[in-house]
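The values are calculated or read from the model by the stated rules, or taken from the named source; none is laboratory data. Since the structure is predicted, the reported quantities are computational estimates derived from the model, not experimental observations. Cβ atoms come from the backbone with ideal geometry, glycine included; neighbour counts cover every protein chain shown. Note: accessible area is taken over every heavy atom of the protein model, side chains too, but ligands, DNA and RNA are not part of it. Shrake-Rupley method; radii C 1.70, N 1.55, O 1.52, S 1.80 Å.
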Amino acid sequence: MQSHGSNTSILQSLQDMENFDHLEAVYSDQDLTGALPLPIVDSPWQPKWWPQKYKWCPSFQQVSRTLAFILIAIVTWFILYITLGDTVLPPKGRIFQIVFLSVSAMLAGWLISITNLPALIGNLFIGALFQNCGVVDLDESFAEINKFLRGVALIVILVRAGLGLDSVALRRLKFDITKLGILPWITESLVLGGLAYYFLKMSWTYSLAFGFALSAISPAVTVPSLLRLKAKGYGIYKGVPTLLMAVTALTDVFSIVGFAIVQSFIFSYGTPTDIIIKLPVCLIGGVGFGLLWGFICSYCPDSQDSMATPLRVLLTLAGGVISVFGSTAVGFAGAGPLGCVVAPFISSLKWRKQGWPVGDNPVSKCFKFLWAIFEPVLFAITGAQIKLYQLQGNVILIGAGILLVGIIARTIVTIVSGIGSVFSLKEKIFCSMAMSTKATVQAALAPVLMGLISDHKSKEYQYAENIMMICILSIIVTTPPLAIYMDVFGTKFLKRDVIPEDVR
């Protein structure tokens, strides 16, 4: 009897251990918030009556997400009306016009995205259409609102760039990034600035600002196309998608920081010595603030805290606001963008050691959501700056020529500097064209100088207006054809190294 009892006890213990192992396997998949893992499904749920056979028909998930944004906009409008009054009333209330334009741009962007083109094309088109048809009138009274919205959009862009920088990839591809990314970017910036100085008759400071603004690569166009190619297995062995995404993030940071430094020179009223001293102060101050805030966000709050994700999102956003708006307020605008990138980059390095992957952690996903809100706002406002009756034909033609020469110069330098690398001629041509897309940074920087000049009859204001017109032209001219080019020729110029299990 005792032996039977011992056997029963042993069997019970083994069963308990098996149950414990099962529970441990289940709970080991929990995320930081402690929620149970969601069931794995093959495809998102949608009602039975929703069309499933036609590829051109949007998914229920896309439509429901758009409706959620619309409902949020309506509720936000109602709250603003209660608190602010007539400024949110149609048709001339300033906040109403901004909200109406943004929601319309979001819908237009969604329609454009069905064709696999970037949504920003629809955002930009709606802004220009509504402004020139009189649906909205974003006059000078909107200057402060537009400036604030552009500033927040710029912060989101920079934070996402910092969070997406992979230190491992940067170290592995550092020479290729320099040869195929940094050198072509420097060349295009200087060529664009030199051509603007001679043909548009702008001062050297405005010409440099023009070169930095126009040479930036658009992540909104480049990154989605690269991710689609990577998912299909193209260019993985040589790391083409990783290289281009790293180059996009780095050169955008350099463009924004360079533009901000030149901007601080333009609006500096000190002595030449003060202006020269400002450059290292901006660089050291920006990096120093970024390092300090990055370490703060790394350890505060603790990674095991159930509130870690929302607190880290708020702290990261607060750091960006302090860096960009604070540096401008104290007269060192060049330091702000640099600190805004360094801080999330340092944070992501620490978070990676704590189990959060770079570019795919909860903070990155939250800022991706914020960009989904601010992208249509930014591009709609930028499109509304296009006033057809103010366009100057000679400036547009000269700007188109300058843009074309800049792209050709970048292509040549990319091909020449890539001699001796592992990349073939077709791959280098693809890289150079992929790095010629213009959109996101141009939309953020184009109207900045105009908003800082009070005398609209001065030659400086004319310079700033020319910069804005050509930046908008670059978005219209490069975005649609290069987005199509990357999808079509990416499969022809890049080698398919991996055949994925499921290519949708």
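Structure notes:
- Checking CYS297 against (1) open to solvent by 50 Å² or more (accessible area, probe 1.4 Å); (2) without any contact (Cβ under 8 Å) to a residue 60 or more places away in the chain; (3) in contact with a Lys or Arg (Cβ under 7 Å, 6 or more places away or on another chain), the condition it does not meet: (1)
- Of everything in the stretch 154-177 that is open to solvent by less than 30 Å² (accessible area, probe 1.4 Å) and small (Gly, Ala, Ser), the residue that is modelled with the highest pLDDT is GLY162.
- Check on GLU460, under 26 Å from the mean Cα position of the chain (by Cα) and open to solvent by 20 Å² or more (accessible area, probe 1.4 Å): no
- Exactly one residue out of ALA119, ALA105 is among the hydrophobic types (A, V, I, L, M, F, W, C), at pLDDT 90 or above and under 18 Å from PHE69 (Cβ atoms), and it is ALA105.
- Long-range neighbours under 9 Å by Cβ, at least six apart or interchain, first residue at pLDDT 80 or above within the stretch 271-289, second among the β-branched types (Val, Ile, Thr) and surrounded by fewer than 16 Cβ atoms within 10 Å (Cβ to Cβ): none
- Given (1) surrounded by 22 or more Cβ atoms within 10 Å (Cβ to Cβ); (2) touching a residue at least 24 places away in the same chain (Cβ under 8 Å); (3) out of contact with any Ser or Thr (no Cβ under 8 Å at 6 or more places or on another chain), number of the condition SER215 does not satisfy: (3)
- Scanning the stretch 363-388 for residues that are of a type outside the set (Phe, Trp, Tyr), within 23 Å of GLN97 (Cα to Cα) and assigned to a helix (DSSP H, G or I) yields a total of 13.
- Here THR414, THR382 are screened, and the one residue that is in contact with a Pro (Cβ under 6 Å, 6 or more places away or on another chain) and in contact (Cβ under 8 Å) with a residue 60 or more places away in the chain is THR414.
- Residue among PHE100, PHE96 that alone is in contact (Cβ under 8 Å) with a residue 24 or more places away in the chain and either among the aromatic types (Phe, Trp, Tyr) or open to solvent by 30 Å² or more (accessible area, probe 1.4 Å) (or both): PHE100
- Sub-6 Å Cβ pairs linking a first residue in the stretch 315-336 that is outside any helix (DSSP H, G or I) to a second residue that is β-branched (Val, Ile, Thr), at least 6 apart or interchain, are GLY334/ILE261, ordered by first then second residue.
- Out of LEU391, LEU404, one residue alone is of a type in the set (A, V, I, L, M) and modelled with pLDDT under 90. It is LEU391.
- Among residues of the stretch 351-399, those that are of a type in the set (Lys, Arg) and open to solvent by less than 50 Å² (accessible area, probe 1.4 Å), counted: 1
- LEU149 vs. criteria within 17 Å of PHE374 (Cβ to Cβ), free of Cβ contacts under 8 Å to residues at least 60 places away in the same chain, surrounded by fewer than 22 Cβ atoms within 10 Å (Cβ to Cβ) and within 22 Å of the chain's Cα centre (by Cα): no
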